[in-house]
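No value in this document is a laboratory result; all are computed from the given coordinates. Every value quoted in this text rests on a predicted model; they were computed, and no experiment measured them.
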Amino acid sequence: QRLKAAVHYTVGCLCQEVEEDKDVQFSKQIIAAISEITFRQCEIFAKDLEMFARHAKRTTVNTEDVKLLARRSNSLLKYITQKSEELASSNMEQKKKKKSSAAKGGRTPGEQETAVTENEDSNMA
């Protein structure tokens, strides 16, 4: 119910923005109908994403599942792909920063112990 109310509130805010921008009016019934349709469509999307992941024998929905869901909207697919690439590159930068600070001796005692153990394991191999 709270999620449905949040969707209704968001749709109301968006309709208000359109009203101001385009000089049109939305009745309360229309806002409620748009909210209901939006909520139902989100439920369908959630089930589809779950099925895509299950079909791939995974329990977690990933970016590829979302891209598959958005495949019919070129602009949405392009946007999702762009954001996904941005996230991936920022994650890589963060990993590089962690590695460089760890290489400079910025490790906690527990991390140093783990690194020594990993180093010993690789030397044995």
Note, ³J(HN,Hα) from phi for segment 39-54, Karplus 6.51, -1.76, 1.60, rounded to Hz, x at Gly and Pro: 4, 5, 5, 5, 4, 5, 4, 4, 5, 4, 4, 4, 5, 4, 5, 4
Binning at 5 Å from 0, report for segment 1-43 what percent of all alpha-carbon pair distances ends up in each bin. 6, 25, 31, 22, 11, 5, 1
